[in-house]
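Remarks on the structure that follows.
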Amino acid sequence: MKVHKHDAIIIGAGGAGLMAALYASKGGADVAVVSKLYPTRSHTGTAQGGIGAALGNLDDDKPIYHTYDTIKGGDYLTDQAAAKILAENAVDAVIELEHMGLPFDRTSEQRISQRRFGGHTSNFGERLVRRACHAADRTGHMILQTLYQQCIKNEVKFFDEFQVVDMIVVDGVCAGVVAIELGTGEFHIFHGKASFFATGGWGRCWSVTSNAHALTGDGAAIALRRGVPLQDMEFFQFHPTGIYRMGILITEGVRGEGGVLVNSVGERFMERYAPSAKDLASRDVVSRAIYLETREGRSIKNRGYVHLDVRPQTVNRYFAEEGRDRADFIDDATIERKLPDILDFCRTYLGVDPVHEPMPVQPTAHYAMGGIPTNVEAEVIIDAAGAVMPGAYAAGETACVSVHGANRLGTNSLVDLVVFGRRGGMRIAEFVKGADWAALPSDAGGEIRAEFERIRGGSGGSRPGELRLRMQQTMMDNVGVFRTDETMQQGIDDLEELRERFYTDLHIDDKSRVFNTDLMEAWELGCLLDLADVTARTAIKRKESRGAHSREDYKARDDENYLAHSLVGHDGNLAAPSYAVNFDRKVDLSLWEEEIAQGVPEDQQKFRPKARVY
Ligand SMILES: Cc1cc2nc3c(=O)[nH]c(=O)nc-3n(C[C@H](O)[C@H](O)[C@H](O)COP(=O)(O)OP(=O)(O)OC[C@H]3O[C@@H](n4cnc5c(N)ncnc54)[C@H](O)[C@@H]3O)c2cc1C
């Protein structure tokens, strides 16, 4: 196997990977980025609505308000010190992106324009605030292009269309990764002092998802197989507005511009579920409301979807009722200018023109709050006490730092990428200066190569495509927006059967080596099965409702027993793993503890977890 030696191996070229690569290289490290996709095709490029930062360009805003919203939005599972770092660093991260050349939309004073998003408030929940900085509805695309250009300028080395399939751990130290060059099918070893996982999410576990085809959770699954427990896997966010049946995302920015959700009797039902935040209540609340409307027979045509209406006549009528400034009123041109891609999706894929008709939407699997646990320097953690695996780093959607707690606020993922990607890159630059090279084991890559031969040689009766569909359906039905003991057990049983077929009865048609997508997708299915499994197994053990984890049999949040992160690991026996789940990792509550130490009376403490029943 060909061996490549670089100080830092960055796995993934989305926002998190590119930001880490840029900062590690600026700090003097020799950096290689290994990515299964061409960098600018990473999912970060599809992010629409914006990146949150308390710039205060249009309304009164401060990082401490952003911190508060992040903690409250995460239903108090958010690590408070990490949220503070996120909110404080967001401001200069956005300004830095602007200085790198990112073309943000502008206010009339030529400052960075900002829009409303769910859960973004001023003065600790007092009123909605404009915090999301945006470049039309293509914010992620602009971030990705900007960072890629900066990496090229900094002479970062790219290995495009190389898929990482294993991690090399020697005596508890990460010594690099094993990858397959997709164009040739050859295995390569990437030997590094530091390996940084930035491989994105795993929405492909569910049948209706906003996530791109490539989001199969490879990095998290690889880490799990090599002994890293995953954190908070039971929390997966359903975004309320995916295009009916296709799952393609309609950004929350549509509601930020005034769009409203309407049921089959023409009612703006969010006024009932969330009287003050209404359509901009947090995503878990809105997704559950759509399901409840459906259950009560008020979805459109009884088909499980509702309408998202951003027609100027509708929006302006509600704005008038709310007494909003006339300057806020919108017309056709406003929508065309601020939401061009959304209009394009709807016109192309649905034949619906949102300027004249409402859009059919339903909840869509969107974002992994859990993942590879890290500290705030992006170092990978391997136990409840926070012990670090030397040489291993992670950030972005695959990681869990944890700033999103039980439910991520809109626009906070893009912030997470740039803030913790940058911190990780800086930490790596320091680390590689002093660290020694861990020697590679003589059989590096042997085990994973054998696993690929098994998959390639499979001549059983189960095709990956069929197993994948079954997995996605059972996850959608049983481990989705609403959960009970019974549904989750059904999910676990189904997954056990699917896993058994995957390991004993697989069949793939293409036996070649060159660009063998059949083979790679079969291997990715194994990753998805692992992650679906740990999602269901931690979810069933968390006997409460919190954020995105909503149980009909335990409707209240239970801080006494579950104000803690879950950690799930398995014993590495892929065909029939045995799992261990615990809730031993404490949530960082340092801001609340500061309030207590300062003698703030209980009813005025901002960061105290406030009881909630769903
Ligand atoms: C449609 C959509 C809209 C969104 N809108 C917003 C928004 O407006 N605001 C917001 O804050 N968040 C938004 N999000 C969430 C946010 O975009 C993502 O969470 C974030 O972009 C993830 O970035 P990342 O760097 O972690 O990974 P990604 O951008 O997903 O990149 C993953 C990278 O890893 C590589 N990779 C994966 N597996 C392997 C492997 N095995 N070997 C080698 N390379 C691998 C891929 O090639 C890719 O380069 C949106 C998400 C979606 C799906």
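The values are calculated or read from the model by the stated rules, or taken from the named source; none is laboratory data. Just so we're clear, the structure is a prediction, and the values are computed from it rather than from any experiment. Ideal geometry is used to build each Cβ from the backbone, glycine not excepted, and the neighbour counts take in all protein chains shown.
What to note about this one:
- As for the stretch 337-352, it holds at least one residue that is away from the ligand (no atom under 16 Å from the Cβ), at positive phi and either at pLDDT below 95 or touching a Ser or Thr at 6+ places or on another chain (Cβ under 6 Å) (or both).
- Elements of the type strands (runs of 3 or more DSSP E) sitting completely within the stretch 175-262 and holding at least 1 residues that are under 30 Å from residue 435 (Cα atoms), touching an Asp or Glu at 6+ places or on another chain (Cβ under 7 Å) and assigned by TED's automatic domain parsing to the domain that holds residue 35: these cover 186-197.
- Filtered residue count, the stretch 351-385, keeping only those that are of a type in the set (Gly, Ala, Ser), in contact (Cβ under 8 Å) with a residue 12 or more places away in the chain and within 22 Å of residue 588 (Cβ to Cβ): 5
- Candidates 581, 587, filtered to the one that is touching a Ser or Thr at 6+ places or on another chain (Cβ under 6 Å) and in contact (Cβ under 8 Å) with a residue 12 or more places away in the chain: 581
- Neighbours by Cβ (under 7 Å, 6+ apart or cross-chain): first from the stretch 324-350, among the charged types (D, E, K, R); second assigned to a helix (DSSP H, G or I): 328/319; 331/312; 332/312; 336/343
- Candidate set: the stretch 300-309, residues that are part of a loop (DSSP other than H, G, I, E, B) and surrounded by 14 or more Cβ atoms within 10 Å (Cβ to Cβ); chosen: the one modelled with the lowest pLDDT: 304
- The number of residues in the stretch 395-441 being hydrophobic (A, V, I, L, M, F, W, C), within 16 Å of the ligand (Cβ to nearest atom) and assigned to a helix (DSSP H, G or I) comes to 7.
- Residue 367 fulfils the conditions (1) within 22 Å of the chain's Cα centre (by Cα); (2) within 14 Å of the ligand (Cβ to nearest atom); (3) over 30 Å from residue 79 (Cβ atoms) except for a single criterion, (3).
- Qualifying residue in the stretch 156-165 (condition: within 10 Å of the ligand (Cβ to nearest atom), modelled with pLDDT of 95 or more and more than 20 Å from residue 521 (Cβ to Cβ)): yes
- Elements of type helices (runs of 4 or more DSSP H) contained in the stretch 310-358, each with 2 or more residues being under 30 Å from the mean Cα position of the chain (by Cα) and surrounded by 12 or more Cβ atoms within 10 Å (Cβ to Cβ): 332-338, 340-345
- Pairs are defined by a Cβ separation below 6 Å, a sequence spacing of at least 6 or placement on different chains, a first member in the stretch 275-291 that is under 17 Å from residue 249 (Cα atoms), and a second member that is basic (Lys, Arg) and surrounded by 20 or more Cβ atoms within 10 Å (Cβ to Cβ); the pairs so defined are 279/255; 280/255.
- Filter result for residue 47 (at pLDDT 95 or above and either within 16 Å of the ligand (Cβ to nearest atom) or β-branched (Val, Ile, Thr) (or both)): no
- Just one of the listed residues (217, 192) is within 11 Å of the ligand (Cβ to nearest atom) and in contact with a Gly (Cβ under 8 Å, 6 or more places away or on another chain), and it is 217.
- Only one of the numbered conditions (1) surrounded by 24 or more Cβ atoms within 10 Å (Cβ to Cβ); (2) in a helix (DSSP H, G or I); (3) within 9 Å of the ligand (Cβ to nearest atom) is violated by residue 67, and that is (3).
- Those residues of the stretch 70-91 which are assigned to a helix (DSSP H, G or I) and away from the ligand (no atom under 14 Å from the Cβ), in sequence order: 71, 72, 80, 81, 82, 83, 84, 85, 88, 89, 91
- Considered as a group, the residues in the stretch 13-44 that are closer than 22 Å to residue 135 by Cβ and in a loop (DSSP other than H, G, I, E, B) include one that is farthest from the ligand (Cβ to nearest atom), and that residue is 38.
- Candidates 109, 98, 88 - the one that is within 18 Å of residue 123 (Cα to Cα) and not assigned by TED's automatic domain parsing to the domain that holds residue 548: 88
- Residues located in the stretch 380-400, provided they are more than 17 Å from residue 569 (Cα to Cα) and either surrounded by fewer than 24 Cβ atoms within 10 Å (Cβ to Cβ) or in contact with a Leu (Cβ under 9 Å, 6 or more places away or on another chain) (or both): 390, 395, 396, 397
- Of the listed requirements (1) buried (at least 23 other Cβ atoms within 10 Å of the Cβ); (2) within 10 Å of the ligand (Cβ to nearest atom), residue 182 misses just one: (1).
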